[in-house]
Amino acid sequence: MTQQSSAPPPFGSLQQLRILSSGVYIAEPFAPILAAEQGAFVVNLERPGEGDPWRYTGYKFQTPDGKPVSADWTGERHNEFFISLDLSTPAGRDIFLDKLIPKFDIWMESSKPGTVGKWGITDEAVLKRNPKIVITHVSGYGQSGLPDYMGRPSYDAIAQAYGGLMSLTGLPEPHPPIRTAPWFGDFITALHAISATLAAYIHAQKTGEGQVLDIPQFEVIQRHSGAVAAIYHREKKVLKRRGNRDVTTTTQPNDTYEALDGWVAISALTEPDFAKVCEVFGEDAKKWERAHRDPDSAPGREFDHLLRTWVSDKIALEVVALLNAKGVACSKVMSSQDIAEDPHYQARGVHQEWYDYSLQRTVKGIGPVPRFSETPGKIWRGPGPVGYDNDMIYNQVAGFTPQQIKDLLQKKVI
Amino acid sequence: MPNRAPSIVPESFGALKGVRVLSTGTHITGPYAAHLAADFGAEVIQVEPPGKGDPWRHEDYTWNGVNVSWVHDRRNAFYITLDLRKPEGRDVFLNNLIPQCDIWVENSKPGTYPAMGITDEAVKAKNPKIVIVHVSPFGQDGDPDYTQRSLSNLVMQAFGGLMYTTGEADQTPVSAPAHGGEKMVALFALWSMLAAYIHAERTGKGQVLDIAEYECINKITSGTMPMFFVDGAVRERAGNKAGAFQPYDTFMAKDGWLFIGAISVPIFRRSLSIVGLDPSDEKWSGAFSNPNSPEGQEFDGALRKWVGERTVADVVRILNENTIPCGPVNDPQQAAEDPHFKARKIHEEWNDDLVGKVKGVRPVPWFSKTPGKVWRGSVAVGHDNDAVLTKVAGLDRAKINGLKSKGVI
């Protein structure tokens, strides 16, 4: 396959939208990827040289010449153009402010507060060049608050911990609190970021007024568990993790149960669903009414034991079939292999292939989610190396001649 | 189409001012999306069945019989009742509400609304520009053996592949709490409905979104699927460890848990210095990317010992001074008392019709020009029937009384 440096014919609900993204890892960069699956023109800006450290983090694939590329990067970074620019140099700053910012509707970034401002890239300078632009700052701790916290580094798990989700996740003490893997704290931030950014874009389209969004990861996490905060404020009650019984869930069954060949998750939170579970394994639901409502009572524990015993001598898919036949929510805890082989995932075409320009091969991963009836999403290219699209973007978007681009490269500005 | 009724949101505010969302779902995956839009100023009309309303009102953890998640998350919206199974209810929905709205979001199994005479075609005939958002457990089509199955927050995380990788290696897989799966689905519904709305505003064409709950979960598993498809490698759960670098784990200090996350070699080298080991010693060169090597384990032991001799506050301060990412594992009390939470005023108080004063989490994120706000808490079943049915749906008093007497509202 040859190099593809130009976008496919316009597609998607966001085909008019232009996003410049200069963040790293997932929490910010995954937000424009979602927009790009709906046709947005997304330019990902990295520092020259190594680029985004996410390229080299975690489980790795190999390029034909033996260089490592992160599997997570490979799975996430599609449909965007890759340019490099050293924002810490005056020349880089000027290109960013004068040549790039005026051409975009949205600029998203995730540096520590103050970092790019120090180089002259302030919100004021950006809005002066483009009063209609939406600026989205994603950070660990926010753009204001206690100065001691604002400069702190934050990653997925730190945000899950500090934002209050991790203390609620995992088996009870003395088991450790658990992060939801692989990177739940980053993904939930990216989802909030793209939603809020599109909202601000809608406002800008209607009024001509751009603005600045401040999206700290820990606040996104805290918003997610708002009811737990409300319970603390009113009752001074500190809810604690208890495995798969969610912190505010009051009924059972709602847990994982070990079958012969893996774990199954079963939920029957309401009385009618509980009756269906009882029917499947030949128990009288009336007799176990208290067990359903009060999992910690003696009958509650007895019922839990009965259900565990019933599941334990079956294969997982047998339990799933029996309970689903009655309309009870139940699934094997699916590994990536189980998922790849599942008939429904296959029937829906959830997983698709695309070409990766770093690995120089076709890879398969998760296609666009959700499905749009009139403007279907697509994945039209995988990621490329750092600066892969410099020639095209600096010429067609920023307006530099090929010679000027060569000079910038030589001076290591790009 | 009838003339567009003006917004009934008092003191209109927010980036989504003027956007009207009709929400007819229950529990979380549909309604939470609409209510997050309401934090940004959208006018949200939530429809419930007459009588007891949404069963979610009274499930889960309650105050005076009212679900606290309901209280916290069902703010900023107008609540009406309408029995869509009755022909009069369906007619009000199609003829009087759908033409007034930009987005209709619902969550149910496929076929539920068509069985009541509410097909996508019927809705589009009344409003060609509307965005229809169907959230369902397994999607609108696919393997027929699956599409009528149920999912819960827990089971969608199991089927979607998030749970398999979460938890300690030798223990049960665990799930994201606080309805983590359902709310993630709602966020997919939110961004995609706004994208489709942008398209509809630009082109005049509405469309239908098919949001399968399990697919939203699978979408946030990062490289887990490519690992399997490309290398046949199954990503396993390993507690908090990242597997390919360290330190990345929970550690027990004298007075509680904290998390240390070093995701690059320079951070690893700084953490060696902190615990008194020599970063220039060749011995440690492989310990960063091989946590299970003897040297990797030796480093882990040294760091655990160092953390165990100190308080959470001291470790968090010292490591952050050295730019080593580290944070306390805040429980609800620690979060409420945290000075940065307070400085950011993340918790605010509002009044709730059903349970009185509530202190919870303000709208997130912060918009510089169009700040969100909490302008009302949750309300009783049918609280806004009169206001919405007269001002938005355009029904007169006699018609509303007739619907009431027939039990349609």
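A straight Cα-to-Cα reach below 14 Å connects B:K373 with the aspartates and glutamates B:E11, B:D39, B:E43, B:D73, B:E348, B:E349, residues fewer than 8 places away in its own chain not being considered.
Roughly speaking, what % of Cα-Cα pairs in the range A:254-335 are separated by over 17 Å, rounded to a whole number? More than 17 Å apart: 40 percent of the Cα pairs in the range A:254-335. Which residues among the range A:316-356 fall inside the zone where the amide N is under 13 Å from a point 7 Å beyond the Cα of A:A285, along Cα→Cβ? What the label zone holds, given the 13 Å backbone N cut-off, is A:326-329.
Placing pseudo-labels 7 Å out from each Cα toward the beta carbon at A:V238 and A:D65 gives an inter-label distance of 5.5 nm. As a proxy for reagent exposure, ranking B:M163, B:M227 by other Cβ atoms within 10 Å from fewest up yields B:M227, B:M163.
Estimated from the Cβ-Cβ distance and a Förster radius of 56 angstrom, the FRET efficiency linking A:Q403 and B:D145 is about 0.35.
Between helix A:316-325 and chain A there is an angle of about 80 degrees, using the helix long axis and the longest principal axis of the Cα atoms.
Helix A:184-207 against the longest principal axis of chain A: what's the angle in degrees, Cα atoms only, rounded to the nearest 10? The helix A:184-207 is inclined about 50 degrees to chain A. Normalising by residue count, chain B has a Cα convex hull of 181 Å³ per residue. All other residues whose Cβ lies under 13 angstrom from that of B:E11 are scored, Lys and Arg at +1 and Asp and Glu at -1, for a net of +2. Both radii were evaluated on the Cα set of chain A; the Rg over Rh quotient, with Rh as the Kirkwood radius, amounts to 1.04. Once Rg and the Kirkwood radius are both taken over the C-alpha atoms of the range B:248-330, their ratio Rg/Rh works out to 0.94. The alpha-carbon of B:K205 sits under 16 angstrom from the alpha-carbons of these aspartates and glutamates, leaving out residues fewer than 8 places away in its chain: A:E374, B:D102, B:D120, B:E121. In plain terms, the residue of B:T370, A:T89 with the fewest other Cβ atoms within 10 Å comes first and the most crowded comes last, giving A:T89, B:T370. Modelled this way, with points 7 Å down the Cα-to-C-beta line, the labels at A:K326 and B:R85 are 2.3 nm from one another. For the range A:50-101, GluC sites (Glu not before Pro) are listed when DSSP marks them as loop and at most 10 other Cβ atoms sit within 10 Å of their Cβ; the list is empty. In this simple spin-label approximation, B:K404 and B:S273 carry label points 7 Å from Cα along the Cα→Cβ vector, and these lie 7.4 nm apart.
Extension gain for the segment B:R397 to B:D231, taken as residue separation times 0.36 nm less the Cα-Cα distance, is 53.1 nm to one decimal. For a straight C-alpha distance cut-off of 29 angstrom, the lysines reachable from A:K411 (same-chain residues fewer than eight places away being disregarded) are A:K67, A:K99, A:K103, A:K112, A:K118, A:K128. Inter-chain Cβ neighbour count for B:30-37, averaged per residue, equals 1 (cutoff 10 Å, partner chain atoms only). Across the options B:I211, B:S175, B:L194, the greatest Cα extent toward the positive end of the charge dipole of the range B:174-216 (unit charges at beta carbon of Lys, Arg, Asp, Glu) belongs to B:L194.
Axis of helix A:271-280 versus longest Cα principal axis of chain A: the two differ by about 70°, to the nearest ten degrees. Overall, the range A:254-335 carries a charge dipole of about 120 debye about its Cα centre when +1 sits on the Cβ of Lys and Arg and -1 on the Cβ of Asp and Glu, all other atoms neutral. For chain B, the membrane-span-like helix rule (DSSP H, alpha carbon extent of at least 18 Å along the helix axis, mean Kyte-Doolittle at least 0.0) picks out B:180-203; this says nothing about an actual membrane.
Net charge dipole, chain A: roughly 720 debye, given to the nearest 20, about the Cα centre with Cβ charges of +1 for Lys and Arg and -1 for Asp and Glu.
Calculated FRET efficiency, A:R129 to B:S264, Cβ-Cβ distance, R0 = 45 Å: about 0.85 to the nearest 0.05. Once the C-beta distance of B:N322 and A:A91 is scaled by a Förster radius of 56 Å, the resulting FRET efficiency is 0.95 to the nearest 0.05. Taking the helices alone, chain B has a mean residue ellipticity at 222 nm of -9500 deg cm²/dmol, built from -39,500 (n - 2.57) per DSSP H run of at least 4 residues and averaged over all its residues.
Counting Lys +1, Arg +1, Asp -1, Glu -1, what net charge surrounds A:N254 among other residues with beta carbon under 15 Å of its beta carbon? Taking every Cβ under 15 Å from that of A:N254, the sum is -3.
Each principal axis of the Cα atoms in the range B:144-303 has its own extent, and those three values, largest first, are 65, 40, 38 angstrom. Amide H to amide H, with H built 1.01 Å from N, B:W63 comes under 5 Å of B:V68, counting only residues 5 or more places away or on other chains. Summing +1 for each Lys or Arg and -1 for each Asp or Glu among the other residues whose beta-carbon sits under 13 angstrom from that of B:S192 gives -2. Going from the residue with the fewest nearby Cβ atoms within 10 Å to the one with the most, B:S12, A:S195 rank B:S12, A:S195.
Bear in mind these aren't lab numbers, they're just calculated from the coordinates by the rules spelled out. Please read these numbers as outputs of a predicted model, since none were measured by experiment. Glycine gets a Cβ as well: all are built from the backbone with ideal geometry, and neighbour counts include every protein chain shown.
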